[in-house]
Amino acid sequence: MVEHDLARENRAEGNGFDGALNPIGGSTMRRTTVIVALAMVALLHPACLAYSQQTYPSRMVRLILPFGAASATDITARLLADRLSTRWSKPVVVENRPGGDGLVALNAFLGAHDDHTLFFGPASTFLVHLYDEDKPPYDPRDVMPIAQVYVTVLAISVPTALNVGTMGELIALARAHPGKLNAAAATGNSDFLIFGFIKSMGLQIAKVPYRDIMQAPNDLAEDRIQILSSSLAVAQPLMRAGRIKVLLVTSKQRALGAPELPTVAEAGYPALTMETAGGLFGPPQMPAQLRESIVDQLHKIAEDDPIIGQRLADTGQIMTLSGPADFDRSVAEQNDQLGALAKIIGLKGAQQ
């Protein structure tokens, strides 16, 4: 298999991010985005200064999620929403908006124009759409990282009935039966990762789209699809029931909640290594002081309630609380890897 240094390749092509999801390099549109976004950061509007002195929140806060109920992101969001509600003395509600490769949730967030409507999910929900089309279907300046909360452990699974025990056996089966296997993936990193790998290996495997990836494990167990790339949390219930087999996890270390599963590097496929950062995003008018205040609240919640970290581990996640600056760096690293994968897949936006 040809190995790819994805981050180095993508940096050479200028597909990085700077600041709040601001693409650099590539098309003129992307370069212009950076200039405008930097100006926004440099010039703090007086209205934001006044706002930062107000008590937040003043009313109900909504967390918009791109996945359905019982997903890893949903479990984490509800744990934090419950604790934030108590601290803020205001309701914090979770709204599941799956579908449209994350755009249903993204549009609900962007359309609110409201600092009490926040987005909770993986950064890849935003990043992948920068490569899907020549022009992204949203303005990345309208998304402001607040806090990284977790890293999701991704997994690659097959039906138990397929009688495949390793990634090598799966690849051999796909080569022996071109066009006979179907694959599905969660929106974002999982999608880019598995289909970039399939193309780099020259395999003929059909893609099956899902509005809600939570429906895919049952289809996998029934052998209607043969490959699923998703969070480990999505696969775990049927894995524990013995109906599907998780071949490996894409994290750098074995998952605490399933230590028996090998990493992709251990299995001999280091190019599949990926850790997807997720957390809380807000609208661009949120001042730095407010964002740091929210991060501080999340840190206090984690310190006061250690069970949250364990709960995340049980659902295939790693709790990694950090503020806006560190979250920006995580986003940039993900964008490097996604940009390289997008080129392998041949997406329009990656050719700019």
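The values are calculated or read from the model by the stated rules, or taken from the named source; none is laboratory data. Predicted model only: the values in this text are computed from it and were never measured. For neighbour counting, all protein chains shown are included, and Cβ atoms are generated from backbone atoms with ideal geometry for every residue, glycine included.
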(message) Suppose the filter is modelled with pLDDT of 95 or more and either of a type outside the set (Lys, Arg) or part of a strand (DSSP E or B) (or both); does ALA235 pass it?
(response) no
(message) So for region 117-127 (the condition being more than 24 Å from GLY346 (Cβ to Cβ), crowded, with 17+ Cβ neighbours inside 10 Å, in contact (Cβ under 8 Å) with a residue 40 or more places away in the chain and more than 17 Å from the chain's Cα centre (by Cα)), does at least one residue qualify?
(response) yes
(message) Looking only at region 71-94, filter to residues that are in contact (Cβ under 8 Å) with a residue 40 or more places away in the chain and either closer than 18 Å to THR125 by Cα or basic (Lys, Arg) (or both); which one of those is surrounded by the fewest Cβ atoms within 10 Å (Cβ to Cβ)?
(response) ARG87
(request) Among residues belonging to region 221-255 that are surrounded by fewer than 16 Cβ atoms within 10 Å (Cβ to Cβ) and in contact (Cβ under 8 Å) with a residue 60 or more places away in the chain, point out the one that is nearest to ALA72 (Cα to Cα). (result) GLY242
(request) Scan region 271-316 residue by residue and report those that are within 21 Å of the chain's Cα centre (by Cα) and among the hydroxyl-bearing types (Ser, Thr, Tyr). (result) THR273, THR276, THR315
(message) The conditions are (1) touching an Asp or Glu at 6+ places or on another chain (Cβ under 6 Å); (2) part of a strand (DSSP E or B), and VAL158 fails exactly one of them. Which is it?
(response) (1)
